[in-house]
Structures are given as structure tokens and as C-alpha cells.
Amino acid sequence: MVLGITKAIKMRASGTNGQIIKMSKRERKNWRGTDLSKERGINMKRHVKLKRVISCIVSIVLLITLFPITGMATGPQDSSGYYYVDNTITTSLEKSEIEQFEQFQLAIANTELSEGSYIENILTYCEPISTDGTLVTVYDSDTLIDYIPDCEEIKEITQLDANLFISYFTEDGKEVILEYSNSGLASRTIYDPEEDVVVFLSQNENYKMENFRNGSYIRMSEELAEAIDDCAETGTYDALQRFNDVAITANENGDTFISYNRSGGHKTLDYEEILESDQPSYTNKNIGSGSVYSSALGKNVNYRIYEDRNEYREMELNTRTYSAGVAVTVLSIFIGVEMKLMPIVLLAYNIAIIIVGGIEVIEEGLEIARNGLCAYSGSRDGYIYDSTKYNDYVHVFSGYSNNGEFHGGYLEGEFRWVDYESPNVFETWSASLIKSTMIDDYDKDIENFGYCYSFRP
């Protein structure tokens with residue numbers, strides 16, 4: 001919920017692969033898929049890396065005009081590095097509309113539920129399979145499905161604090177969560193993935209939300225993406241000062257993270273911190289070293305191969321702001337997390353679950369993302385020890401591409417980032433291929449000039 005050197009959105013739509021550095025600024029912008037294997041024997045000059053340039057501005061943060069999500073206009077703005085879109089439409093349901101959802105409840109006769117609480121009686125059809133000892137107990141049942149009309153599969157049966165939640169899929173693919181209190185049916189939440197519409201029904205409110213999961217997001221503008229391209233060429237972030245909602249941070253190694261500047265109006269997660277923890281950036285990681293035979297010199301020469309992963313850019317978050325009092329079932333379906341894991345989800349926000357009108361709701365408002373996309377750049381560089389002129393390692397191979405992708409989402413109740421797509425240079429240029437290419441190019445250089453002429457330390 002990619003990418004050019006941060007032309008992520010544009011390149012993703014066109015299906016463009018990543019870039020390989022050995023190009024001018026104009027050549028980069030006109031690039032449409034270079035096969036670096038055709039460049040063997042050519043001296044590939046070292047690309048300009050942002051990390052080198054900004055190593056002196058560790059921890060810089062550009063906080064221009066703060067612009068909370070709730071106040072942002074829909075659609076891109078000329079001065080905005082990011083734009084917020086909310087196409088979600090919420091409408092109240094009329095009585096006639098509510099009646100069509102009556103089948104979404106347990107079809108157990110009242111006589112069967114005449115003694116004790118509703119929850120106690122429903123649990124006679126279930127067996128506990130796990131519990132945390134306090135808040136959450138998970139159940140299984142071989143028979144309860146017989147009492148759920150149009151049920152294809154029961155997803156979970158969970159008692160969360162005081163209420164019992166039965167989640168299931170209908171035969172036509174809808175996702176339903178029934179919430180029961182000791183007094184009876186407390187709420188129904190029905191999601192239609194084909195229409196992207198959720199319906200919430202309770203004693204106190206009845207509404208539907210259109211464009212529920214996919215209608216709201218924060219996305220980097222193409223203008224900002226192009227400005228970041230320019231920064232890679234000029235070695236300065238001055239051009240980004242015209243954007244009023246961009247935050248730029250640099251870690252102790254000088255590696256950058258460009259993101260949307262949140263105002264702090266609602267509780268949210270620090271996605272940058274989570275990303276750095278899950279997928280830390282690095283510079284000069286040794287992925288290969290040793291010796292290789294040089295036919296031009298008639299002896300083995302030492303080599304080293306390094307890898308960088310940096311220049312992180314927050315491209316998109318599928319996110320929405322919810323006010324205090326929203327049902328926990330609605331949040332569960334929005335982010336695609338089971339009810340049994342919602343206490344873990346809300347713990348990260350330090351938000352409690354309370355009961356209002358018999359329904360479990362969140363005590364405070366929050367901005368929550370169901371998934372996200374972050375772009376990054378990768379490079380691999382190879383060096384050979386030269387004894388003909390420099391008596392030092394010379395830079396023989398330089399490969400760079402900027403189309404790496406981290407995808408974010410919830411895993412076991414925690415928002416996590418995974419390395420979804422590696423940059424082309426990682427996929428195309430293995431350490432062994434770089435080694436063989438380097439020695440071929442180095443030997444040709446020695447044969448042509450009698451010493452190392454084309455490469456420098």
C-alpha cells in the first residue's frame with residue numbers, strides 16, 4: 001500500500017525496472033531498462049551516493065508547515081511532498097436497509113439460550129484451545145457452524161475481555177464478525193471485499209462505509225520524487241525546503257529516510273523506527289573477498305566486494321484516522337487482524353479497549369495504517385588490489401539501482417516491514433559474477449596499457 005530514484009509511483013505504473021548507475025542526470029531520467037551485462041570492459045564511474053553527501057547533517061529534520069491529516073485537502077497540492085486522499089463515504093442506514101442484514105447472527109432458538117448468559121450458552125458449543133490467562137481466550141467448535149446461516153468457514157471464536165466474537169466467511173466471500181455480550185447480540189460487522197464496503201450494526205448506530213480498505217492513503221507526489229532525484233545529483237537537500245510536509249532524517253551513518261511529516265494530532269506508529277529495526281540500512285557490507293587469478297600479471301590478486309542498502313523513502317501508507325469510540329471489530333477488519341490479536345495492536349498505541357453501550361470500542365483516537373510501501377536503493381562495488389601503480393585497492397566495478405521495495409503490514413498483531421523486492425543490482429550481479437567481471441576488465445586494462453590506467457583507488 002517501485003520505483004525510480006524515488007520516481008516510485010510513476011515507474012511502478014509503467015513496469016520500469018531499476019537503474020544502473022553510469023549515467024548523467026539526463027540519461028537517468030530517460031532510462032528505460034539497461035542490461036549492465038552489456039557494459040563489461042567499460043569503466044563504470046562511481047555513482048554519487050546521498051549517504052556520502054549528508055554524513056555531515058546527521059539527525060537533520062525538516063519541519064516546515066505542519067499539516068495534520070484531518071486538515072489536508074483531498075488530492076495533490078503544488079507545495080506538498082505528500083498528498084492525503086480520503087474517498088471513504090460514511091452514511092447512516094435506514095430501517096429498511098438494516099433489515100436485509102438480519103441473517104447475520106446465530107440461528108439458535110431462544111429456548112436453547114434460556115438459562116445463564118448468552119455467552120455462557122454459546123460456549124457450550126465450543127471448547128477452549130488457548131488463553132492468555134486474563135484478557136483473551138480462543139475457542140474452537142465443530143457444531144457452531146451449523147447455527148450460522150450462509151457460513152462457509154469460521155475464522156475465529158474469541159472471548160476478548162467481557163464480550164465474545166465469532167468471525168466467519170460467508171459462501172459469497174463476505175467477512176463477518178458477530179459480537180455477543182452477556183445480554184445478547186451487541187454488534188454485527190459485515191465486510192464485502194468485492195465492493196470494499198463495510199456495514200456496522202448495533203443498538204446505538206447503524207452505518208456503512210464505502211471505499212473502506214482502499215479509499216484512504218498518504219502518497220508521495222511526483223514533484224517530490226523528481227526533487228529527490230535532483231538532490232542525488234546536486235548533493236544538497238535545499239530544493240526540498242519548498243515542500244511543507246516532508247521530514248528528512250539521517251542516522252549516525254548518514255543514511256537518509258524521507259517521509260511524511262506527521263503533526264502528532266493523533267496517536268500513530270513511528271514507521272521509520274520500525275523499518276530501521278526490521279530492515280536496517282547499511283554501508284560497505286562485505287559480501288565477498290579473497291583472491292582471483294590475473295592472467296595479465298600471472299599471479300593471484302586480492303579483491304573485495306561491498307554492498308550498500310540505503311536511501312529509504314516512504315512512498316505510500318494505506319492509512320485512516322479513527323476517533324475514540326469506534327468499534328474494535330471495525331479496526332480489526334480494516335487492518336486484517338484477528339480479534340484475538342487486537343490487544344497487541346492497540347498496545348503499540350497505548351490505547352485501551354473499553355465497553356460503551358455493550359460494545360467494545362477504543363478509548364482514544366488513532367491514525368492506523370493497514371499496509372505501506374517504502375522504496376530503497378542498493379549498490380554493489382568491487383575492488384582489486386593493484387600492484388602495478390597504486391599499491392592499493394582500485395575501484396573496478398560499480399553497480400547501482402533504486403527499485404528496492406519494503407512492504408509493511410501486520411504480522412501477529414505487530415506492524416512489520418519485509419524486504420519484498422530486491423534492487424536489480426542485487427538480483428543481477430552476484431558476488432561471483434562481479435568477481436569474474438572485475439578480473440576480466442582489470443586484465444584488459446593491464447594488457448592495453450601495461451599498468452592500471454582506467455581504475456582508481
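Readers should treat all values here as calculations from the given coordinates under stated rules, not as data from a laboratory. Because the structure is a prediction, the values reported are computed rather than measured. Here Cβ is always computed from backbone atoms with ideal geometry, including for glycine, and neighbour counts include all displayed protein chains.
Taking the convex hull of the alpha carbon atoms in the stretch 321-441, what volume per residue do you get, in Å³?
Details: hull volume 16.1 nm³, N = 121.
Convex hull volume per residue, Cα atoms: 133 Å³.
Given R₀ = 30 Å, FRET efficiency for residue 293-residue 236 by Cβ-Cβ distance, to 0.05?
On the way: r = 44 Å, r/R0 = 1.47.
According to the calculation, E is roughly 0.10.
Can you tell me the relative contact order of the stretch 302-457? Whole percent, Cα pairs under 8 Å, sequence separation 6 or more. Don't skip to the answer; put the middle values down first.
Working: 296 pairs, mean separation 39.2, N = 156.
Relative contact order, the stretch 302-457: 25 percent.
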Next item on the list: Give the distance, in whole Å, between the Cα centre of the stretch 332-356 and the Cα centre of the stretch 388-413.
Entry: 37
Margin query: Need one number: nm distance between label points at residue 286 and residue 444, each 7 Å from Cα along Cα→Cβ, rounded to one decimal.
Written below: 2.9
Check: On full extension of the chain, what length is gained from residue 85 through residue 454, given 0.36 nm per residue of separation minus the C-alpha to C-alpha distance?
Finding: 127.7 nm
Checklist line | Assigned charges on the beta-carbon of Lys, Arg, Asp, Glu; the stretch 135-275 dipole about Cα centre (debye) | finding: 680
Checklist line | Residues listed by number, the stretch 286-313, amide nitrogen under 18 Å from residue 436 label point at 7 Å toward C-beta | finding: 288-296, 301, 303-305
Note to self: Give me the extension gain from residue 354 to residue 418: residue separation times 0.36 nm, minus the current Cα-Cα distance, reported in nm with one decimal.
What the structure shows: 19.8 nm
Notebook entry, point to check: So, by mean Cβ neighbours within 10 angstrom, what's the order for 335-348, 141-154, 375-388 with the highest one leading?
Noted result: 375-388, 335-348, 141-154
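Can you list the GluC sites (Glu not before Pro) in the stretch 387-451 that are in a DSSP coil and have 11 or fewer other beta carbons within 10 angstrom? It would help to have the intermediate numbers written out before the result.
On the way: sites: 405, 412, 414, 421, 427, 447; in loops: 412.
Taking the stretch 387-451 and a limit of 11 other Cβ atoms within 10 Å, the loop GluC sites (Glu not before Pro) found are 412.
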